[in-house]
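Written below as structure tokens is the structure these notes are about.
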Amino acid sequence: MEWLLFAAQLGTLALLLALVYRPLGDYMATVYTSPRDSRAEKVLYRVVGVDPANQQSWSSYLRAVLAFSAIGVLTVYALQRLQLLLPFALDLPAPSEHLSFNTAISFVTNTNWQSYSPEVTLGYTVQMVGLAVQNFVSAAVGIAVAIALVRGLASRSAGSIGNFWVDLFRGVIRILLPLSIITAVVLVAGGVVQNFAGFTDVTTLTGGTQSIPGGPVASQEAIKELGTNGGGFYNVNAAHPFEGPGAWVTIFQVFLMLVIPFALPRTFGRIVGDNRQGYAVLAAMASIYLLSVTAMTAAELAGGGAATQAAGAAMEGKETRFGIVLSTLFGTTSTITSTGAVNAMHDSFTPLGGGMAMVNMMLGEVAPGGVGAGLYGILVIAIVAVFIAGLMVGRTPEFLGKKIGTREIKLASLYILTTPTLVLAGTALSFGIPTVRGDIEGTSIWNPGVHGFSEVLYAFTSAANNNGSAFAGLTANTPWLNTALGVTMLLGRFLPIVFVLALAGSFAAQGTVPATAGTLPTHKPQFVGLLLGTVVIVSALSYFPTLALGPLAEGLL
Amino acid sequence: MTITRGTSRQYLVALRAMIVLTVITGLAYPLLITGVGQVALPAQANGSLVTVDRRVAGSSLIGQSFTDADGTALPEWFQSRPSAAGDGYDAGASSGSNLGPTNEALLDTVDERRAEIAAREDVAPADVPADAVTASGSGLDPHISPEYALLQVPRVAAERGLDNAEVRGLVESMIHGRDLGYLGEPTVTVLSLNIALAELDADSAN
């Protein structure tokens, strides 16, 4: 029965995504290739002081990304530290320096890791003017970087990779904002609140008191899902009835998290002039997604762990209205994109179910991954895949007519090494530095035994992959974790972006080589299989030992 | 020198872009949604509040506890799930327990709850459903499963001197099926059920 419902819900999702794949993917391709600026955009470019016709080299594109992101970090940091001076602060004091540092980086890097409990930490102005703005722009930055890489691959003769400012504004104004407006209204209709009422004190039926929160939630919720950001307006994120009021809203939210990442392969195919390339990438992404969501659902329905078995079902940390299946559908989607929202507490998932959430992130979030980040992630893996195939047949590998030479494979390798290095180093330092270890074990870890190790491993996996979900029992609001996770998020976001844009520049500078009989076709099932194998082998080699110490040890004890 | 000037120009552009985008996405957009919400969908936008005797008694989306000040269940009401939000259903402090699946503390808590509920409802421990012995993710779950609601019928009916079948009929009429027949799980909203129960009780007293 559960499996039948699971299949029906997954089928609904697949149908909705299939319906929008071509129109949305084609539309996004038009957005990023159209030579025309609207009148409003021209005015904005004049105000900002950029020439939209200016084509940037990869290094000036990168400098613009970094400058814009640096300003973002400073803005969000300042807004938090000055919270008491802002309207709608709800009398909440300014968060500490290390927490503000962590939160600023978290939202600028599209991670939305939250070391804090929002309803007792941040007023409406910081959430709306600080955090939700970053939800828009960090998503637009992600798409822009992916598009820059695609332009590099598509360029026929020493082409440019575009203009960052134009890509940023078009992403926000033509894609994210219109979609968010529609989405937010639908969410309000479903029960998500949108007001500035603060807390409403009511006398409950039995004569007790309850303080019902308010806030501009729907507007933030919409972009939180669409931009694969994931930061909750409330502490428990979409498990909160005001963020995730019901079952159909949940399917809608899952759709929102997937809609842009799953349509971007179409955009990619369009821009490189071969839609079959898009379908191949889509096939790889969808296969991993399907396997993953099935595995997590199976683990949760089976109900591992002594406490779960005593309860009769894995309902600790889950909402009645969602049950197990909508919780795993949401949890998988959130961790395999870079969203990190939750509608159930992953810390209370069964050992292998919670382990799947980690595996999803460790796969590099490429199935379909975050907005933009998923596409550039899987394209880098595709480059590695054609390289491996090239080694097997002894030919110089090429991808879409671009030679994969020493420089390209170095950049792709650096990209792939970045995240595992950050995850493993962060976790290792947390347990390796004696004073830090005392703090981690004494203050931060919530659950005893190997599950406690998993909480720390999960945190660094989440930060390095810019996911933002957590085994939330972990108390992360400490100087060490706020700082270490902040640095991890920063490097986990921008080092890959440096390598991707360098790749884009290197492809754009190349001419194209014509395909020959010896060229590996990258639109056939054979290549999809090769791509899948590369994703799995790269992450399995990097992470298997730590998984064995955490969720595997707990699940197989 | 040119590098410095170029760099500072870059940051000025970035700053202006941030300000412009903040005005659009951080002010205009949420205010537009607030306007639409307050005009077209005021009930939902303001938290789906429910009133009893023209007094706001809570939200149909936010669970409440039906216990005394010490947290002991009041037997004349249908009980909500266990809650890890503050002292229980503290709407200002949403939280799950975050206890892990192999945590002894959770195992003990689940066993205690099961024994307590089995005694309260006078049923075999094995008949207590999972949602009754586990805390929700939010700590504010407004629902219980139909099984847990039906399990509570004899106790509530006896406490209030109501007819068992009548109370059971009330519960059955308030079971909300899966959305569109296949999304999510069937639920009973505890606050709405208890409000209807109080009305039923008042009617039969007259």
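Restricting attention to the stretch A:504-533, report how many residues are within 16 Å of A:Val281 (Cβ to Cβ) and surrounded by 16 or more Cβ atoms within 10 Å (Cβ to Cβ). Let's see the steps before the verdict.
Step one: filter the stretch A:504-533 for residues within 16 Å of A:Val281 (Cβ to Cβ), giving A:520-533.
Subsequent filtering for residues that are surrounded by 16 or more Cβ atoms within 10 Å (Cβ to Cβ) retains A:520, A:522-523, A:527-528, A:530-532.
Here the count works out to 8.
The set of residues from the stretch B:73-96 being under 14 Å from A:Glu319 (Cβ atoms) and open to solvent by 20 Å² or more (accessible area, probe 1.4 Å) comprises B:Pro82, B:Ser83, B:Ala84, B:Ser95.
Quickly run through the stretch B:98-123 and pick out the residues that are at the interface with chain A (Cβ under 7 Å from one of its Cβ atoms) and either over 18 Å from B:Tyr148 (Cβ atoms) or among the β-branched types (Val, Ile, Thr) (or both).
Let us first name the residues in the stretch B:98-123 that are at the interface with chain A (Cβ under 7 Å from one of its Cβ atoms), namely B:98-103, B:106-107, B:110-111.
Once the filter is applied, which keeps residues that are at the interface with chain A (Cβ under 7 Å from one of its Cβ atoms) and either over 18 Å from B:Tyr148 (Cβ atoms) or among the β-branched types (Val, Ile, Thr) (or both), the stretch B:98-123 yields B:Asn98, B:Leu99, B:Gly100, B:Pro101, B:Thr102, B:Asn103, B:Leu106, B:Leu107, B:Val110.
Each residue in the stretch B:187-206 was checked for being in contact with a His (Cβ under 9 Å, 6 or more places away or on another chain) and either at pLDDT below 95 or facing another protein chain (nearest Cβ under 9 Å) (or both), and 2 of them qualify.
Every residue, every condition in (1) of a type outside the set (Val, Ile, Thr); (2) within 14 Å of chain B (Cβ to nearest Cβ); (3) part of a helix (DSSP H, G or I); (4) surrounded by fewer than 24 Cβ atoms within 10 Å (Cβ to Cβ), yes or no:
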| site | (1), (2), (3), (4) |
| --- | --- |
| A:Ala64 | yes, yes, yes, yes |
| A:Ala67 | yes, yes, yes, yes |
| A:Gly72 | yes, yes, yes, no |
| A:Val76 | no, yes, yes, no |
| A:Pro95 | yes, no, no, yes |
| A:Ile105 | no, no, yes, no |
| A:Gln134 | yes, yes, yes, no |
| A:Ala140 | yes, yes, yes, no |
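Apart from one condition, A:Phe252 fits all of (1) within 7 Å of chain B (Cβ to nearest Cβ); (2) out of contact with any Ser or Thr (no Cβ under 6 Å at 6 or more places or on another chain); the exception is (1).
Taking the numbered list (1) of a type in the set (S, T, N, Q); (2) in a loop (DSSP other than H, G, I, E, B); (3) within 11 Å of chain B (Cβ to nearest Cβ) in turn, A:Gln55 passes all entries but (3). A:Leu24 meets all of the listed conditions (1) open to solvent by less than 10 Å² (accessible area, probe 1.4 Å); (2) in contact (Cβ under 8 Å) with a residue 60 or more places away in the chain but one, namely (1). A count restricted to the stretch A:386-414 and to residues that are without any contact (Cβ under 8 Å) to a residue 12 or more places away in the chain and within 19 Å of A:Gly152 (Cβ to Cβ) stands at 4.
Here is a check on your reading of the model: is A:Ala314 open to solvent by less than 10 Å² (accessible area, probe 1.4 Å) and in contact (Cβ under 8 Å) with a residue 60 or more places away in the chain? I'd like the intermediate steps shown before the answer.
Numbers: open to solvent by less than 10 Å² (accessible area, probe 1.4 Å): yes; in contact (Cβ under 8 Å) with a residue 60 or more places away in the chain: no.
So A:Ala314 does not fit the description; no.
Among the numbered conditions (1) hydroxyl-bearing (Ser, Thr, Tyr); (2) over 17 Å from the mean Cα position of the chain (by Cα); (3) open to solvent by less than 40 Å² (accessible area, probe 1.4 Å), the only one that B:Thr102 does not meet is (3). Cβ-Cβ contacts under 8 Å between residues 6 or more apart (or on different chains), taken from a first residue in the stretch B:188-205 that is farther than 16 Å from A:Thr320 by Cα to a second residue that is modelled with pLDDT of 90 or more and in a strand (DSSP E or B), are listed as B:Ile195/B:Val50; B:Ile195/B:Val52; B:Ile195/B:Ala57; B:Ala198/B:Val52.
How about the stretch A:184-193: which of its residues are more than 7 Å from every other protein chain (Cβ to nearest Cβ), assigned to a helix (DSSP H, G or I) and buried (at least 24 other Cβ atoms within 10 Å of the Cβ)? Steps first, please.
Within the stretch A:184-193, the subset more than 7 Å from every other protein chain (Cβ to nearest Cβ) is A:186-187, A:190, A:192.
Within this subset, residues satisfying the condition of being assigned to a helix (DSSP H, G or I) are A:186-187, A:190.
The one that is more than 7 Å from every other protein chain (Cβ to nearest Cβ), assigned to a helix (DSSP H, G or I) and buried (at least 24 other Cβ atoms within 10 Å of the Cβ): A:Leu187.
Screening A:Asp37 against (1) open to solvent by 30 Å² or more (accessible area, probe 1.4 Å); (2) within 24 Å of the chain's Cα centre (by Cα) leaves a single unmet condition, (2). Of everything in the stretch B:52-64 that's modelled with pLDDT of 95 or more and more than 7 Å from chain A (Cβ to nearest Cβ), which residue is nearest to B:Gly86 (Cα to Cα)? Step by step, filter the stretch B:52-64, then rank; the result is B:Gly63.
Go through the stretch A:364-397 and give me each residue that's outside any helix (DSSP H, G or I) and surrounded by fewer than 24 Cβ atoms within 10 Å (Cβ to Cβ). Show your work before the answer.
Residues of the stretch A:364-397 that are outside any helix (DSSP H, G or I), as a first pass: A:364-372, A:394-397.
Once the filter is applied, which keeps residues that are outside any helix (DSSP H, G or I) and surrounded by fewer than 24 Cβ atoms within 10 Å (Cβ to Cβ), the stretch A:364-397 yields A:Gly394, A:Arg395, A:Thr396, A:Pro397.
Taken over the stretch A:197-248, residues that are at the interface with chain B (Cβ under 7 Å from one of its Cβ atoms) and touching a residue at least 24 places away in the same chain (Cβ under 8 Å) amount to 15. Scanning the stretch B:17-72 for residues that are farther than 28 Å from A:Ala222 by Cβ, of a type outside the set (A, V, I, L, M, F, W, C) and crowded, with 21+ Cβ neighbours inside 10 Å yields a count of 2.
Quick one: would you say B:Val156 is more than 18 Å from the chain's Cα centre (by Cα), touching a residue at least 60 places away in the same chain (Cβ under 8 Å) and not in a loop (DSSP other than H, G, I, E, B)? For B:Val156, the condition - more than 18 Å from the chain's Cα centre (by Cα), touching a residue at least 60 places away in the same chain (Cβ under 8 Å) and not in a loop (DSSP other than H, G, I, E, B) - is met. The lone criterion from (1) under 29 Å from A:Asn135 (Cα atoms); (2) within 14 Å of another protein chain (Cβ to nearest Cβ) left unmet by A:Gly426 is number (2). Here A:Gly214 clears all of (1) at pLDDT below 95; (2) within 21 Å of A:Ala184 (Cβ to Cβ); (3) surrounded by fewer than 24 Cβ atoms within 10 Å (Cβ to Cβ) except the condition numbered (1).
Quick check on the stretch B:159-171: of everything there that is in contact (Cβ under 8 Å) with a residue 24 or more places away in the chain and part of a helix (DSSP H, G or I), which residue is most open to solvent (accessible area, probe 1.4 Å)? Among them, the one singled out is B:Glu159.
The condition (being open to solvent by 10 Å² or more (accessible area, probe 1.4 Å), modelled with pLDDT under 95 and polar (S, T, N, Q)) is satisfied by just one residue among A:Gln114, A:Gln55: A:Gln55. Do we have any residue at all in the stretch A:338-354 that's modelled with pLDDT under 95 and either closer than 19 Å to A:Thr228 by Cα or among the charged types (D, E, K, R) (or both)? Yes: one or more hits.
Residues in the stretch A:489-503 that are β-branched (Val, Ile, Thr) and open to solvent by 10 Å² or more (accessible area, probe 1.4 Å): A:Val498 only.
Condition check: of a type outside the set (A, V, I, L, M), within 12 Å of another protein chain (Cβ to nearest Cβ), part of a helix (DSSP H, G or I) and free of Cβ contacts under 8 Å to residues at least 60 places away in the same chain. Does B:Asp131 satisfy that? Spell out the reasoning first.
On the way: of a type outside the set (A, V, I, L, M): yes; within 12 Å of another protein chain (Cβ to nearest Cβ): yes; part of a helix (DSSP H, G or I): yes; free of Cβ contacts under 8 Å to residues at least 60 places away in the same chain: yes.
Taking the combined requirement at face value, the residue satisfies it.
Go through the stretch A:295-311 residue by residue and tally those that are in contact (Cβ under 8 Å) with a residue 12 or more places away in the chain, more than 7 Å from every other protein chain (Cβ to nearest Cβ), open to solvent by 10 Å² or more (accessible area, probe 1.4 Å) and over 17 Å from B:Glu185 (Cβ atoms). Summing the residues that are in contact (Cβ under 8 Å) with a residue 12 or more places away in the chain, more than 7 Å from every other protein chain (Cβ to nearest Cβ), open to solvent by 10 Å² or more (accessible area, probe 1.4 Å) and over 17 Å from B:Glu185 (Cβ atoms) in the stretch A:295-311 gives 3.
The values are calculated or read from the model by the stated rules, or taken from the named source; none is laboratory data. Please read all numbers here as calculations on a predicted model, not as lab measurements. Methodologically, a virtual Cβ is constructed for each residue, glycine included, from the backbone with ideal geometry; neighbour enumeration extends over all protein chains shown. Heavy atoms of the whole protein, side chains included, go into the accessibility calculation; ligands, DNA and RNA do not. Shrake-Rupley method; radii C 1.70, N 1.55, O 1.52, S 1.80 Å.
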